[in-house]
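The structure under discussion appears below in the form of structure tokens.
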There are 2 protein chains.
Amino acid sequence: MISKNTVKFIKSLQQKKFRKQENAFFVEGSKNVTELLLSDFEVTHLLYTDKYFEEQQKLIDTCKGECFQVTPKNLEAAGSFKTNDGALAVAKLKDNSPFDIEKGELAIALDDVRDPGNLGTIIRIADWYGIKKLIFSKETADFYNPKVLNSSMGSFTRVSFFYTELKDYLPQQQLPVYGAFLEGDNIHSKTITEGGIILMGNESKGISDVLAPLVTQKLTIPRFGHAESLNVAIATAVICDNFKRNS
Amino acid sequence: MISKNTVKFIKSLQQKKFRKQENAFFVEGSKNVTELLLSDFEVTHLLYTDKYFEEQQKLIDTCKGECFQVTPKNLEAAGSFKTNDGALAVAKLKDNSPFDIEKGELAIALDDVRDPGNLGTIIRIADWYGIKKLIFSKETADFYNPKVLNSSMGSFTRVSFFYTELKDYLPQQQLPVYGAFLEGDNIHSKTITEGGIILMGNESKGISDVLAPLVTQKLTIPRFGHAESLNVAIATAVICDNFKRNS
């Protein structure tokens, strides 16, 4: 049986403060938990229902953390989902270790993308387009926020990321930096085959004044109608699609 | 001064049942209200703060509905925003009048897109790509849901739409119907210059079995990584972008 204290511990991980303090986060729902168990994250607690046990008995056996067979009600008490008849797991945070982008490789940098849903969707887009490295400004939403993980649909297990000062990091890489602006080159008539870093800006302010001078290629998604702008995740997808069609 | 009853009336419009009953909906936030006042919607009530009055006095003068100068607190009591120091307006619903798609024109049909955020984002994408006509299955989220209107970022004023049985409507149009499937033609290597209807399916189930046979051209957005799928709004944007780059 699962103790009240364990439920309380998991619940606390909805808040960034406690995730930092405990060096832990949780994911919920069958799909996300399955992806987590198949990944290199270190799982410390696994809570699963009879239903999930029937579906994933072999995978559960591979888990090295504490395992608890529970009811859907237990899962709903511990997590953020209104209904969850599958599983929930707690894992350790990964270290915030910087990495470089190789020549010819494509990466995404986010400058202050605040909405967790947008961040999760961008992670899913990166995973779809085979982009494995993401770099976040310190003000970008927390990767381990349950809303980010849920909207990534399991893709959070297949990307590497770290948080840093982009104004220092971007010049160090000595690579092309692509940014979407209203007055850039038309992305439809440009062939981009080399790698580099796609820089996407904040939901309302776009790319900040500090980072704008670091963009080496300004790009524009051509507009055919009257909307003022596109959502940041939508723009990321359209840029990735245009880059990859030439690769 | 605004009466308690008017505030109560506006608040009730958060629910579809009351929107239908009252034949009315509301929009909130300066940008959305400004777009509404500039559109052909019939505004019946306009609530604005001193701040909005200073910015948009001339536009306020054109409004034929009842006007109330109010405090941000009044706006927050009537609407769904936690903070709103701009405006809120009530307008009449438009008739659910069917229309045809012209030859060579591009339209979007949604088969059971349930999430209001996705619907609003798709409306914004349609407006960006100059697509003016949208057709919704009866199970698609309600256009006048505040979350739909807010995530459309004002684009809701620039599209025409109606709800109908797609299984009857699509064949009547005698136009190409494009649908995204896992085993369709690669959208990157296909040139699509004629118009038609882009059919997008439900968030988890995709295009329904009833409508799948009506798709005349199956398309696939090529995948370069491992995500199982793309969010429906993301896929809509990528398809629109690929169609428009050839137009």
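The values are calculated or read from the model by the stated rules, or taken from the named source; none is laboratory data. Note that the structure is a prediction, hence the values are computed from the model and not measured. Counting neighbours? That spans all protein chains shown, and the Cβs are built from the backbone with ideal geometry, glycine included. Heavy atoms of the whole protein, side chains included, go into the accessibility calculation; ligands, DNA and RNA do not. Shrake-Rupley method; radii C 1.70, N 1.55, O 1.52, S 1.80 Å.
Structure summary
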{"quantity": "Unique residue being surrounded by fewer than 19 Cβ atoms within 10 Å (Cβ to Cβ), within 27 Å of B:Lys167 (Cβ to Cβ) and within 19 Å of the chain's Cα centre (by Cα) when the list is B:Glu139, B:Glu102", "calculated": "B:Glu139"}
{"quantity": "Selected residue (criterion: least open to solvent (accessible area, probe 1.4 Å)) from residues of the range B:168-196 that are free of Cβ contacts under 8 Å to residues at least 60 places away in the same chain, in a strand (DSSP E or B) and small (Gly, Ala, Ser)", "calculated": "B:Gly179"}
{"quantity": "Residue in the range B:159-175 that is within 19 Å of B:Val238 (Cα to Cα) and either of a type in the set (A, V, I, L, M, F, W, C) or within 14 Å of another protein chain (Cβ to nearest Cβ) (or both) present", "calculated": "no"}
{"quantity": "Filtered residues of the range B:38-97 (kept if open to solvent by 50 Å² or more (accessible area, probe 1.4 Å), among the hydroxyl-bearing types (Ser, Thr, Tyr) and either touching a residue at least 60 places away in the same chain (Cβ under 8 Å) or in contact with a Lys or Arg (Cβ under 8 Å, 6 or more places away or on another chain) (or both))", "calculated": "B:Ser80, B:Ser97"}
{"quantity": "Among the residues listed as A:Ile131, A:Ile125, the single one being open to solvent by less than 10 Å² (accessible area, probe 1.4 Å), within 13 Å of chain B (Cβ to nearest Cβ) and part of a loop (DSSP other than H, G, I, E, B)", "calculated": "A:Ile131"}
{"quantity": "Condition met for B:Gly201 (within 23 Å of A:Tyr129 (Cα to Cα), in the same structural domain as B:Leu110 (by TED's automatic domain parsing), at pLDDT 95 or above and of a type in the set (Gly, Ala, Ser))", "calculated": "yes"}
{"quantity": "Those residues of the range B:8-29 which are crowded, with 18+ Cβ neighbours inside 10 Å and part of a helix (DSSP H, G or I), in sequence order", "calculated": "B:Ile10, B:Arg19"}
{"quantity": "Test result for B:Phe143, closer than 22 Å to B:Thr34 by Cβ, assigned to a loop (DSSP other than H, G, I, E, B) and out of contact with any His (no Cβ under 8 Å at 6 or more places or on another chain)", "calculated": "yes"}
{"quantity": "Matching option when the condition is facing chain A (nearest Cβ under 10 Å) and open to solvent by less than 10 Å² (accessible area, probe 1.4 Å), among B:Asn231, B:Asn246, B:Asn242", "calculated": "B:Asn242"}
{"quantity": "In the range B:213-228, the residues that are open to solvent by 30 Å² or more (accessible area, probe 1.4 Å), facing chain A (nearest Cβ under 8 Å) and hydrophobic (A, V, I, L, M, F, W, C)", "calculated": "B:Phe224"}
